[in-house]
1. Work out, step by step, the length gained on full extension between Ala153 and His117: first 0.36 nm times the residue separation, then minus their alpha carbon distance; give nm to one decimal.
2. So how do Arg221, Arg145, Arg283 rank on accessible area, 1.4 Å probe, biggest first, that is with the largest at the start?
3. When Lys and Arg each count +1 and Asp and Glu each count -1, what net charge do the other residues less than 15 Å away from Arg65, Cβ to Cβ, add up to?
4. Starting from the Cα gyration tensor of the chain, take the square roots of the eigenvalues, sort them a ≥ b ≥ c, and report rounded, prolate or oblate (rounded when a/c is under 1.5, otherwise prolate if a/b is larger than b/c, else oblate).
5. What percent does the relative contact order of region 222-284 come to when contacts are Cα pairs within less than 8 Å and at least six residues apart?
6. Ranked from the most accessible area to the least, with a 1.4 Å probe and all protein chains present, what is the order of Phe151, Phe6?
7. With the cut-off at 1.5 for a/c, could you classify region 132-265 from its C-alpha gyration tensor as rounded, prolate or oblate?
8. With the cut-off at 1.5 for a/c, could you classify region 1-101 from its C-alpha gyration tensor as rounded, prolate or oblate?
Amino acid sequence: MHPGTFEYLSAESVDHALDLLADHPDAEMLAGGQSLLPAITNDEADPDVVVDIGEIDAIRGVEVRNDVVEIGAATTYAELQDAERLRNDAAALAEAVSVIGDEQVRNRGTIGGNLAHPVRVSDLSAAVIASDATIVTKGPHSERRITAAEFFAPNPATDLAADELLTSVDVPISTVNTGGAYVKQQSVTMRYSLLGVAARLTVEGGQVSTVRVAANGVTERGVGLEPVEDALRGERLGADTVETAASRALDGIGTEALIDDDQASAAYRADLLPTYTEQALERAAERAGVDVSA
Ligand SMILES: Cc1cc2nc3c(=O)[nH]c(=O)nc-3n(C[C@H](O)[C@H](O)[C@H](O)COP(=O)(O)OP(=O)(O)OC[C@H]3O[C@@H](n4cnc5c(N)ncnc54)[C@H](O)[C@@H]3O)c2cc1C
């Protein structure tokens, strides 16, 4: 076979895709094609078989079940932007989706494709960790439900096995007085982020009852910023508490783990992280009904 040529197979269901993957273990899944097709064009990938999963209805769309927004893995960013429930109930993820690439990328790219094999600066890893999302996968023998934090823990890979399909992303619905946000510094030369921070917090009786903060573009994969969360939990939200908490953003991250590449040095990323953490917290607080700008 010539490089760049491959057998194209279209999956009609998740089980069909898994059967095709079992028959062709080195096959690539084609969802939106926004990473795979450039990789093939640039000779970075040379699959013999490509299995198209983009038309499987069962893993496409957004549904609200009980207190969870279930997002099918093959749902495009554009479809997510149109989903009102996502904007209202999962603001950090909705905001992260809205700043990905350009309209063309958002029309084709999918949430599953972004999370399955993310590049180090993908925007969604921080947002799913901060949203306390569950990643659902299906393999030949079983379905697995993995917390987003655990999914990205096997840094630099993910917890997705080679014979599995990512089928959905389940996001808990925000309760009253909850706000979420995602802020990013865009790379000057690429549309990807240099660094992004997602935050989600709930305020009860003036105090922070739950808080999740995570960053991407700092280490190889999205990483939770637990020291920031610890500094906020139980505290009364104000400019001082937010600034103090954000100043702890680097506390749990070893300097050797920081990305240092041709886009930005590790020192620059370390400088940016507390500032973007503060911005994400301020915006999330505002959406939770607390003005911390004063
Ligand atoms: C110009 C440009 C700008 C971009 N800017 C950004 C940006 O700002 N932020 C950002 O985060 N991303 C950005 N991207 C990347 C984009 O978001 C990709 O679409 C995304 O990373 C991959 O999603 P996809 O559906 O296109 O996957 P595909 O390209 O179809 O697949 C990518 C990989 O994931 C695997 N895969 C796909 N779906 C599944 C699944 N359900 N289960 C298991 N494996 C699966 C495939 O086998 C393949 O290896 C950009 C891309 C381009 C071309």
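1. On the way: separation 36, 0.36 × 36 = 12.96 nm, distance 1.33 nm.
Difference between extended and current length: 11.6 nm.
2. Arg145, Arg283, Arg221
3. -3
4. Numbers: a/c = 2.16, a/b = 1.58, b/c = 1.37.
Prolate is the answer for the chain, as a/c is 1.5 or above and a/b outweighs b/c.
5. Numbers: 46 pairs, mean separation 20.3, N = 63.
Result for region 222-284 is 32 percent.
6. Largest to smallest exposure gives the sequence Phe6, Phe151.
7. Verdict is oblate for region 132-265.
8. Working: a/c = 3.58, a/b = 1.72, b/c = 2.08.
Oblate.
The values are calculated or read from the model by the stated rules, or taken from the named source; none is laboratory data. Remember, it's a predicted structure, so these values are computed and weren't measured experimentally. A quick note on method: Cβ atoms are made from the backbone with ideal geometry, for glycine too, and the neighbour counts reach across all protein chains shown. Areas reflect the complete protein model, heavy atoms only, side chains present, ligands, DNA and RNA absent. Shrake-Rupley method; radii C 1.70, N 1.55, O 1.52, S 1.80 Å.
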